[in-house]
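To keep things clear, I will list the structure first and then write my remarks on it.
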Amino acid sequence: MNSQTTQNQLTNPADKSAIRAFHHQMIDAWNRGSGEDFAAPFSETADFIAFEGTHIQGRKAIAAFNQQAFDTVVKETRLEGEVNFVHFLNPQLALMNGVVRVMLPGQPKTSQSRDSMQLFVVMKRDQDWRIEGLLNARKLTLERQFFLDEFDSLSEEAQRQVTDLRG
């Protein structure tokens, strides 16, 4: 039996659809500004790592963290995105990779500097799928990383001057 045959035995189309739906549900919740709906697919004990590295544990804390963001720093932003893949590790455990793009208020298109990639760990318990972990990380081109590395190597005064030029 090859790995493709094994993967096909693990893959149930209904399970794959249920898992993929989490991504769309969370995007819809973001666009409505609902922390509770955003956190609904998570288990009670899930781990969530936000794009800037904050680690939150538990559905209630994930809902509160995101509601605070929706009410302040990401207020009126919109998300769009898609699922790249769902990979079953066994019939009760899967990984999902997705991407999201952020549209800032009043902007006609997404802001490339805010694109994120996501890795979900999803587990099935008692016939229900729940997100057990989500790592959300900003996408960063090598060119942008080189620029940031060079910026970090500047003196504090030079960094201030570059920042002041940006306005």
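Enumerate the residues in the range 80-95 having an amide nitrogen under 20 Å from the point lying 7 Å beyond the Cα of Ala14 toward its Cβ.
From the range 80-95, the list is 86-95.
For the range 1-100, what size does the Cα cloud have along each of its three principal axes, sorted from largest down, in whole Å?
Projected onto its principal axes, the Cα set of the range 1-100 covers 53, 26, 23 Å.
List the lysines whose Cα sits under 22 Å from the Cα of Lys60, skipping any in the same chain fewer than 8 residues away.
By straight Cα distance, Lys60 reaches Lys75, Lys124.
For the range 1-135, give the share of DSSP beta bridges that are antiparallel, in percent and rounded to the nearest 5; count only bridges with both residues there.
90 percent
Given contacts defined as C-alpha pairs under 8 Å and at least six residues apart, what's the relative contact order of the range 67-115, whole-number percent?
Reported as a whole number, the value is 31 percent.
Could you work out what % of the accessible surface of the range 6-109 is carbon and sulfur, using a 1.4 angstrom probe and leaving DNA, RNA and ligands out of the count?
53 percent
Through the Karplus equation 6.51 cos²θ - 1.76 cosθ + 1.60, θ set to phi - 60°, convert the phi angles of the range 101-115 into ³J(HN,Hα) values in whole Hz; use x for Gly and Pro.
Along the range 101-115, the couplings run 10, 9, 9, 6, x, x, 9, x, 9, 6, 9, 4, 5, 10, 4 Hz.
Once both labels are modelled 7 Å past Cα along the beta-carbon direction, what's the Glu76-Leu104 spacing in nm?
Between Glu76 and Leu104, the label points sit 1.3 nm apart.
What's the ranking of 16-29, 51-64 by average number of surrounding C-beta atoms within 10 Å, highest first?
Highest to lowest by the protection proxy: 16-29, 51-64.
Evaluate 2.2 N^0.38 Å with N set to the residue count of the chain, then give the Cα radius of gyration divided by it.
1.21
So if I place +1 on the C-beta of Lys and Arg and -1 on the C-beta of Asp and Glu, and nothing else carries charge, what would the dipole magnitude of the chain be about its Cα centre? I want it in debye, nearest 20.
Charge dipole of the chain: 460 debye, to the nearest 20.
From the helices alone, meaning DSSP H stretches of at least four residues, give me the mean residue ellipticity at 222 nm for the chain, per-run term -39500 (n - 2.57), in deg cm²/dmol to the nearest 500.
Mean residue ellipticity, 222 nm, calculated: -12500 deg cm²/dmol.
Residue separation times 0.36 nm, minus the C-alpha to C-alpha distance between Phe147 and Gln112: what's the value?
Extra length available between Phe147 and Gln112 comes to 11.0 nm.
Note the angle between two axes, namely the Cα long axis of helix 156-166 and the longest principal axis of the Cα atoms of the chain, as a number of degrees from 0 to 90, rounded to the nearest 10.
80 degrees
How much accessible area per residue does the chain have, in Å², with a 1.4 Å probe?
That works out to 63 Å² per residue.
So how do 103-113, 86-96 stack up, highest first, on mean other-Cβ count within 10 Å?
86-96, 103-113
The values are calculated or read from the model by the stated rules, or taken from the named source; none is laboratory data. Just so we're clear, the structure is a prediction, and the values are computed from it rather than from any experiment. When we count neighbours, we look across all protein chains shown, and the Cβ atoms used for this are built from the backbone with ideal geometry, even at glycine. Note: accessible area is taken over every heavy atom of the protein model, side chains too, but ligands, DNA and RNA are not part of it. Shrake-Rupley method; radii C 1.70, N 1.55, O 1.52, S 1.80 Å.
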